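Structure first, then comments.
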Amino acid sequence: MNEHDTCCTPGRSTERSDKIKSNLVSRLNRVEGQVRGIRGMVEKDVYCDDILNQIAAVQSALNAVGKILLEGHMKSCVMERIQQGDHEVIDELLKTMNKLMK
């Protein structure tokens, strides 16, 4: 298997390489820790600006995870479905991208 995702459209799952999966899980674990840290900051009445800066860092980290997933999705699932003649995947992709850009 190559470094990119392999689409398995019928069951709506995507097989990812161990390297990509490990990278994503590591990033998400960091995000989870950051969110717990923010909760602790709120509980300790930390200065609002400091909390807002941490929220911005979490959003940036989640965006990075989204970019990795989007790239893999476009290079595998989307391309595969287009090659199979399924052009509805473009509308699906546009809806998803609109949600990511909010």
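The values are calculated or read from the model by the stated rules, or taken from the named source; none is laboratory data. As the structure is a computational prediction, the values presented were derived from the model and not from experiment. Using ideal geometry, Cβ is built from the backbone for each residue, glycine included, and neighbour counts are taken over all protein chains shown. Note: accessible area is taken over every heavy atom of the protein model, side chains too, but ligands, DNA and RNA are not part of it. Shrake-Rupley method; radii C 1.70, N 1.55, O 1.52, S 1.80 Å.
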Can we say ASP45 is outside any helix (DSSP H, G or I), open to solvent by 60 Å² or more (accessible area, probe 1.4 Å) and at pLDDT 95 or above? yes
Note on segment 1-42: residues of a type in the set (A, V, I, L, M), modelled with pLDDT under 95 and open to solvent by 80 Å² or more (accessible area, probe 1.4 Å) are MET1
Taking only pairs six or more apart or across chains, which ones have beta-carbon atoms under 6 Å, a first residue in segment 85-102 that is within 11 Å of LEU70 (Cβ to Cβ), and a second residue that is outside any helix (DSSP H, G or I) and modelled with pLDDT under 95? none
Please identify the pairs in which a residue from segment 17-30 that is assigned to a helix (DSSP H, G or I) has its Cβ atom under 6 Å from the Cβ atom of a residue that is modelled with pLDDT under 95, counting only partners at least 6 apart or on another chain. none
Scan segment 48-102 residue by residue and report those that are open to solvent by less than 60 Å² (accessible area, probe 1.4 Å) and touching a Leu at 6+ places or on another chain (Cβ under 8 Å). VAL65, GLY66, ILE68, LEU70, HIS73, VAL78, MET97
